[in-house]
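Below are the structure tokens for one structure; questions will follow.
The values are calculated or read from the model by the stated rules, or taken from the named source; none is laboratory data. All values reported here derive from a predicted model rather than from experimental measurement. Note: ideal-geometry Cβ built from the backbone for every residue, glycine included; neighbour counts use all protein chains shown.
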Amino acid sequence: MDGVLEIITGRERRRRWSIAEKLRIVEESTERGAVMRAVAARNGVCESLLYAWRRQMRDGTLCESGPPAFVPVQVFETPMNPMSSTRESGRASSARSEPRSDLIEIELGDGRQVRVGRDVNLAALRRVLTALRS
């Protein structure tokens, strides 16, 4: 194989695009008269990936953001059965308080709960929920 040079043409696989690059390419694709196939070819991107980035931008999941930030979280211990034996004595369980109107409570499938204020940053909440699922 000495002296043999192989030239591979086409798009590179598994390239890592920065958020800024993705946004620039998506913006280019939204200009008046832009042809998706031409924009994708000019930037070395598969056309389907460009459509995916446009969908992410529309859904708000592709956006320029600062470094990740921690948000305050409270974990409440609740019994697995919300109808605890304290109801038998005539009073409600103190482990489960009345829901507040300014809180959003998300119950995960395994019995865990996440409570956040209604003004929570959606991108941060999405990251937290993704981390809890894994």
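If we keep just the residues of region 53-74 that are part of a helix (DSSP H, G or I) and exposed (fewer than 14 other Cβ atoms within 10 Å of the Cβ), which is modelled with the highest pLDDT?
Step one: of region 53-74, the residues part of a helix (DSSP H, G or I) are 53-59.
Filter again for exposed (fewer than 14 other Cβ atoms within 10 Å of the Cβ), leaving 55, 58-59.
On the way: Arg55: 92, Arg58: 87, Asp59: 85.
Only one residue tops the list, namely Arg55.
Could you check Trp17 against (1) surrounded by 12 or more Cβ atoms within 10 Å (Cβ to Cβ); (2) modelled with pLDDT of 85 or more; (3) not in a loop (DSSP other than H, G, I, E, B) and say which number it fails?
(3)
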